[in-house]
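Below is one structure; the comments refer to it alone.
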Amino acid sequence: MKEPISPAVQELQKLLGARNVLWQPDDLRVYSYDGSNNMATPDIVVLPETAKQISSIIKIARRYSMAIVPRGSGTGLCGAITPIAGGIMIAFARMKKIHNIDLENRTALVEPGVINLDVSTALAPHKYFYAPDPSSQAACSIGGNVANNSGGPHCLLYGVTANHVLGLEVVLEDGEILWLGGTAPDEQGYDLVAAFIGSEGTLGIITKILVRIMPLPEATRTLLAVFNTIEQASRTVSGVIGAGVIPAAIEMIDGTTIRAVEAAYNIGLPLDADAVLLIEVDGPKAGIDELQEMLADFCVEFGAREVRIAKNEQERADLWKARKTALGALGRLAPNYYIQDGVVPRSKLPYVLAQQDAIAKKYNVTIANVLHAGDGNLHPNILFDAREEGAYERVKKAGGEILKLCVDVGGTISGEHGVGLEKLDYMPLLFQQSDLDAQANLRDAIAPTRILNPCKMLPQGSKCGEAARSKLPQAIAGNTEVWI
Amino acid sequence: MPLTFALDGISPQRIYTPPDANELAQVLAQCNAEKCAVVPWGGGTLQHLGNAPSQYNAVLQTTNLNQVIEYAYDDLTATFGAGMTLAEIERVLSEHGQFLPLDVPHPERATIGGVLATGMNGALRLRYGPARDYMLGNRFATVDGQLIKAGSKVVKNVAGYELHKVQVGAFGTLGILTEATFKLFPKPPAEISMWASFDELSDACAAVGQIWNLSTPPLAIELLDTATMKFVEPNARGAYFVLARFGGSKATMAAARDFFSNAANEKNARSVNVIDDTQKFWRAIADLPATLREHFSDALLVRVSVPPKELPSALRVLMDFPSPPRIFSHAAVASIYASFQDAYASPETFVAQLRARVHELHGHIIVEHAASTLKKNLNAWNDVGASFKLMQALKRKFDPNNILNPGRFVGGI
Ligand SMILES: Cc1cc2nc3c(=O)[nH]c(=O)nc-3n(C[C@H](O)[C@H](O)[C@H](O)COP(=O)(O)OP(=O)(O)OC[C@H]3O[C@@H](n4cnc5c(N)ncnc54)[C@H](O)[C@@H]3O)c2cc1C
């Protein structure tokens, strides 16, 4: 049975060609998800190739009062791309060009659909790299990274995405194409680049990104330290940083995760250990061995029962494997997991991890911890089986308590994954209404109609989704999916 | 000399020095109700920046917001009241071997609030980035008397819009900063600083490129001419000077020393020197923008920003003027200060010409200082182009009555 083609689809097809406009339910389904447990199906998915086309798409969307939701690779973990108001989803699969690598200025100009790792791969022959390295870097897009201000293991030393973006081309909600920022320092006027980074697609569509690139460090040393207790491991983290040593990365995985990783990949970690730390330092060759030794000594001093040091690139990759395969391996333990992303001051890690244990007991859930420990960024993965009645509700309650715990010790509810839909309810833990109003002022100055990724970032009443949906014209049948 | 708070010949009728942030917000709300134009005032060291205010009724001092609000030294984070001076901050942090890499002029008077509001940076920006990269959050007073919290106090946070960063470099036109939280840095265990002299500008520029690419990345690279080097190392001989600062382990520093010498010599350096009193040396460099302004108060001081690879071309443009300026530059960042002594017959034409030349290099200039008789005819800022409408929209949202520093920022904001 053929569905009638709506006028909006027809207009978009004229603009982009029929191949680049998806509207049949079967084609839309894969666009209903991100990496979180949220889902909703867009009415139309478009695959533009240029900023100009995006400008036209926005104008069409406005004419039909349809929401616009930009989508990168869909690896996000907060429901930021979940189109709860339906509408037109813009995907960037055809915007994957690296326009320019400029070694003299140490910049690269890329399209939003470029995969994070592909930037560093393209730079490697020149002995340069792009520093922000989300663990999802083989899949996630630079556009998504910018919109989420993503982090990654090496952000401990190099800083998050915001520190590596110099300029943006954006399409505003009125269709205007604007260039913000640039290669010269001290751009005049308000820092609009800063405003767009981390704005989760609510202020404009990002169509080009000027990133800062860096020369590859001359030497890298990687060590893995095994601990009997997670407390020893977390004390080591704050001990190292407190002593004024900033490694490139300090990552932690806990005993539950170790056992999952071992079951899945058998990489030789002791099953009775309660935590391992993965520490990496990089920099000039001179002095790097001393630094490595000092860190190894530190680990032992804080109770490590074993410290492994990578002797070559292969061994380095092996040590990282435990960390990089962690999330995938958790599938061994339970069919679903709910990942949280709170941040706490590093010195509070031992306390917070102990409290988190208590929360797990209270809700009778299992938590597997994977941490960007050097930054105090927790990723507790609460394991569950969605088929079990009431499980997801219980898990969400436990997650909420963990976030409250993070805020209570002076931290935040999200270090890198974003607010999206997931964290909307928790924003008031962190901000008073007046603070949220001030943020809304920023949004409304730039994107007052809220047609761009509506209902994300700022809490605006639980009816947001329905309200936005009710504006949709009848010609586009509403989908009946629920989002959980 | 008593403070008059005069700006471009205008003096305020009222002077407020509220005891704390809450009262500061109250005063601001009151001013807003009366449509009384306010100039926020920290240490006054950067008030020469920007255009003359279009209206100026009251000065609002942050002097009393001078407390350390929180210092978690084992977490390397701290929160300071906006009125704290950079010297005081440095004193507090150095007790724990930590620092904030903001090496700007007059730290004994410059306040953290003022430095953030003006977006000022110094030489260390090369390694540590601009302040917004390591500022984690802040609080600011709005015209309706609220104290708004933005960002967080931990080193990573993506909850909400980055409103705290938009305040940096906004010249107090969107609100008045009352406190700010930073990620701090441990002082490097060892440091070495060196300089080399060159006869030719092209050699000096080439050396900058070479040193920027060293496997031991420098914390700072500066390029000075004879006139500016006088204030730093009075006995130095040469036409141009390249200065670099390195930090790291002892072993790394020994390597850096050799690297620097080789790089400089390869580019025909006349002499290569290790600096003994690094503290004094880098203080003098950090002070240079103020030194130039104060010593040559009748000269025109502009800051030129270009993409890093255009540094040689930009310096050439400057040096090719009939009476070349005194210059110094955060070289690898490509931010250049140029002080033109000549009382040009028509400074408007001169600045327009310079703007156009620098624009061709994809850069821009800000007029930092001019003799007061000339300044009123000069626009300190470039035309910011199409994004201006967004800036106006922001301004309308946060300051609808236009009472915060009116007229001083880009496009008359
Ligand atoms: C296994 C795994 C590991 C992960 N590890 C990390 C990690 O270490 N650090 C980290 O920070 N995150 C991590 N993530 C989360 C996720 O990968 C990041 O948030 C990533 O940046 C999302 O990129 P994406 O291309 O998938 O964007 P999407 O999920 O598709 O979209 C994310 C947001 O970006 C917006 N967006 C996308 N493109 C544009 C555009 N062109 N213009 C405007 N807005 C746009 C979307 O609307 C949405 O709000 C991980 C996820 C997984 C599944």
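The values are calculated or read from the model by the stated rules, or taken from the named source; none is laboratory data. Fair warning: this is a prediction, and the values are worked out from it, not measured in the lab. Every residue, glycine among them, receives a Cβ derived from its backbone with ideal geometry; neighbour counts consider all protein chains shown. Side chains included, ligands, DNA and RNA excluded: accessible areas come from the protein's heavy atoms. Shrake-Rupley method; radii C 1.70, N 1.55, O 1.52, S 1.80 Å.
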### strands (runs of 3 or more DSSP E) within segment A:191-299 that include 3 or more residues away from the ligand (no atom under 16 Å from the Cβ) and out of contact with any His (no Cβ under 9 Å at 6 or more places or on another chain)
A:219-227, A:275-283
### Task
Kindly indicate whether any position in segment B:348-356 is at pLDDT 95 or above and within 14 Å of chain A (Cβ to nearest Cβ).
yes
### Task
Any chance you could count how many residues in segment A:347-360 are closer than 21 Å to A:Ile279 by Cα and in contact with a strand residue (DSSP E or B) (Cβ under 9 Å, 6 or more places away or on another chain)?
3
#### Entry: Residue identified as crowded, with 22+ Cβ neighbours inside 10 Å and within 14 Å of chain A (Cβ to nearest Cβ) among B:Ala393, B:Ala386, B:Ala314
B:Ala314
### Query
Which one is least open to solvent (accessible area, probe 1.4 Å), of the residues in segment A:414-430 that are in a helix (DSSP H, G or I) and more than 7 Å from every other protein chain (Cβ to nearest Cβ)?
A:Leu424
### Summary
Subset of segment A:262-281, residues at pLDDT 95 or above and open to solvent by less than 30 Å² (accessible area, probe 1.4 Å), comes to A:Ala273, A:Ala275, A:Val276, A:Leu277, A:Leu278, A:Ile279, A:Glu280, A:Val281
### Query
In segment A:103-142, what count of residues is obtained for those that are open to solvent by 20 Å² or more (accessible area, probe 1.4 Å) and away from the ligand (no atom under 15 Å from the Cβ)?
11
#### Entry: Condition broken by B:Arg245, with the remaining ones in (1) open to solvent by less than 30 Å² (accessible area, probe 1.4 Å); (2) touching a Ser or Thr at 6+ places or on another chain (Cβ under 9 Å); (3) in a strand (DSSP E or B) satisfied
(1)
### Task
May I ask you to verify whether B:Val333 is within 11 Å of chain A (Cβ to nearest Cβ), buried (at least 22 other Cβ atoms within 10 Å of the Cβ) and outside any strand (DSSP E or B)?
yes
### Unmet requirement for B:Asp20, which otherwise passes all of (1) within 14 Å of chain A (Cβ to nearest Cβ); (2) in contact (Cβ under 8 Å) with a residue 40 or more places away in the chain; (3) acidic (Asp, Glu)
(1)
### Task
With the checklist (1) away from chain A (no Cβ under 11 Å); (2) surrounded by fewer than 18 Cβ atoms within 10 Å (Cβ to Cβ); (3) at pLDDT 95 or above in hand, flag the one item B:Gly97 doesn't pass.
(1)
### Task
Considering each of A:Asn381, A:Asn369, A:Asn453, A:Asn364 in turn, give the residue that is in contact with a His (Cβ under 8 Å, 6 or more places away or on another chain) and farther than 21 Å from B:Leu136 by Cβ.
A:Asn369
### Task
For A:Pro247, work out the one condition from (1) closer than 22 Å to A:Leu330 by Cβ; (2) open to solvent by less than 10 Å² (accessible area, probe 1.4 Å) it doesn't fulfil.
(1)
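Matching residues to (1) under 20 Å from B:Leu224 (Cβ atoms); (2) outside any helix (DSSP H, G or I):
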site	(1), (2)
B:Leu315	yes, no
B:Ser329	yes, yes
B:Ser339	yes, yes
B:Arg355	no, no
### Summary
Sole miss for B:Lys309 among (1) under 22 Å from B:Val333 (Cα atoms); (2) among the basic types (Lys, Arg); (3) more than 27 Å from the chain's Cα centre (by Cα) is condition (3)
### Query
Is it true that some residue in segment B:131-138 is surrounded by 21 or more Cβ atoms within 10 Å (Cβ to Cβ) and out of contact with any strand residue (DSSP E or B) (no Cβ under 6 Å at 6 or more places or on another chain)?
yes
### Query
Do we find that A:Ser6 is touching a residue at least 40 places away in the same chain (Cβ under 8 Å), open to solvent by 10 Å² or more (accessible area, probe 1.4 Å) and away from the ligand (no atom under 15 Å from the Cβ) in this structure?
yes
### Query
With respect to B:Val143, is the statement that it is in contact with a His (Cβ under 9 Å, 6 or more places away or on another chain), more than 30 Å from B:Arg270 (Cα to Cα) and assigned to a loop (DSSP other than H, G, I, E, B) true?
no
### Task
Evaluate the following for A:Ala85: is it touching a Lys or Arg at 6+ places or on another chain (Cβ under 6 Å) and within 30 Å of A:Ala391 (Cβ to Cβ)?
yes
### Query
Looking only at segment A:38-55, which residues are surrounded by fewer than 19 Cβ atoms within 10 Å (Cβ to Cβ) and out of contact with any Asp or Glu (no Cβ under 8 Å at 6 or more places or on another chain)?
A:Glu49, A:Thr50, A:Lys52
### Summary
Among residues of segment A:56-85 being more than 8 Å from the ligand (Cβ to nearest atom) and among the hydroxyl-bearing types (Ser, Thr, Tyr), the residue farthest from the other protein chains (Cβ to nearest Cβ) is A:Tyr64
### Message
With the requirement that a residue be of a type in the set (Lys, Arg) and free of Cβ contacts under 8 Å to residues at least 40 places away in the same chain, what does segment B:360-413 give you?
### Response
B:Lys389, B:Arg396, B:Lys397
### Criterion (in contact (Cβ under 8 Å) with a residue 12 or more places away in the chain and within 11 Å of the ligand (Cβ to nearest atom)) met by exactly one of A:Gly175, A:Gly159, A:Gly182, A:Gly152
A:Gly152
### Query
Is one or more of the residues making up segment A:164-182 facing chain B (nearest Cβ under 7 Å) and surrounded by 23 or more Cβ atoms within 10 Å (Cβ to Cβ)?
yes
### Message
Take the conditions within 20 Å of the chain's Cα centre (by Cα), surrounded by fewer than 21 Cβ atoms within 10 Å (Cβ to Cβ), outside any helix (DSSP H, G or I) and within 13 Å of the ligand (Cβ to nearest atom) and apply them to A:Gly35. Does it pass?
### Response
yes
### Task
Would you check if there is a residue in segment B:99-118 being among the aromatic types (Phe, Trp, Tyr), in contact (Cβ under 8 Å) with a residue 40 or more places away in the chain and more than 30 Å from A:Gly201 (Cβ to Cβ)?
yes
